[in-house]
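Everything on this sheet refers to the single structure shown next.
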Amino acid sequence: MAKSSKIERKGSTRGKLATEYNHQHRLQNNNTDQLLFSDVSRLIEEARQSVAQAVNTTLSLLYWKIGKRIKNEVLKNKRAEYGKKVLGALAKQLIEKYGKGWDEKTLRHCLRSAETFSEELIVSATRRQLGWTHLKTIMYLNDVLQREFYIEMSINTLPKKIFQCSSSFRVVFIKRFFGDIFK
């Protein structure tokens, strides 16, 4: 009887060791799985961010080029009643071909960007990761010094999350953040 009890204890010890080994092995596998998941998730997020930045840069330059084309070649650098008709007709054609994102309001934003930003400034701003939403907020500021200041500050200072908010919130935030330093 003593022998069988000893055998049972040996079996019991082996069973405990096997259970502990299996538990440790599962933990290692879980840690490896979690590490793999984290690494792959990070790669996906980096790729998404890179694609979003490329799209934003391309769209900002596209809108500026459209505005420049309208300003220089259609309106001949003059605002006139004729310009409203041109924008309306162009918007109608673009909506038919590309959808509702090309309405007259969008074309006016494009035109405003070309009137506001030089080619050098728009290229520089987009290289520094200012997208269309940023530029649209800044381009309606009347003072050139204010625009340049806000562009520089938004690149270096403002939290990126601010530019994910609505444009009216951004304008209020920018004014409150910087105060009335230009008055």
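The values are calculated or read from the model by the stated rules, or taken from the named source; none is laboratory data. Treat the numbers as computed from the prediction; the structure is a model and nothing was measured. Glycine gets a Cβ as well: all are built from the backbone with ideal geometry, and neighbour counts include every protein chain shown.
Worth a mention:
- Entry remark, the range 104-147: residues being among the acidic types (Asp, Glu) and over 22 Å from residue 88 (Cα atoms) number 3 in total.
- Look at (1) modelled with pLDDT under 75; (2) crowded, with 17+ Cβ neighbours inside 10 Å; (3) not in a helix (DSSP H, G or I) and you find that residue 141 fails only one, number (1).
- Cβ-Cβ under 7 Å pairs, at least 6 apart or on other chains, the range 35-61 side under 20 Å from residue 109 (Cα atoms), far side of a type in the set (Phe, Trp, Tyr) and assigned to a helix (DSSP H, G or I): 56/132; 59/132; 60/132
- All of 94, 111, 87 fail the test of being under 24 Å from the mean Cα position of the chain (by Cα) and surrounded by 17 or more Cβ atoms within 10 Å (Cβ to Cβ), apart from 111.
- Subset of the range 122-138 (residues that are crowded, with 17+ Cβ neighbours inside 10 Å and either among the hydrophobic types (A, V, I, L, M, F, W, C) or in contact with a Leu (Cβ under 7 Å, 6 or more places away or on another chain) (or both)): 122, 125, 126, 130, 132, 135, 138
- Exclusive hit being over 29 Å from residue 119 (Cβ atoms) and modelled with pLDDT of 90 or more, set 8, 96: 96
- Verdict on residue 63 being at pLDDT 85 or above and aromatic (Phe, Trp, Tyr): yes
- Scanning the range 120-151 for residues that are free of Cβ contacts under 8 Å to residues at least 40 places away in the same chain and of a type in the set (D, E, K, R), we see that the one that is nearest to residue 57 (Cα to Cα) is 128.
- Filter result for residue 90 (at pLDDT 90 or above, part of a helix (DSSP H, G or I) and not hydroxyl-bearing (Ser, Thr, Tyr)): yes
- Yes/no for residue 44 being assigned to a helix (DSSP H, G or I), closer than 28 Å to residue 125 by Cβ, modelled with pLDDT of 70 or more and touching a Leu at 6+ places or on another chain (Cβ under 6 Å): no
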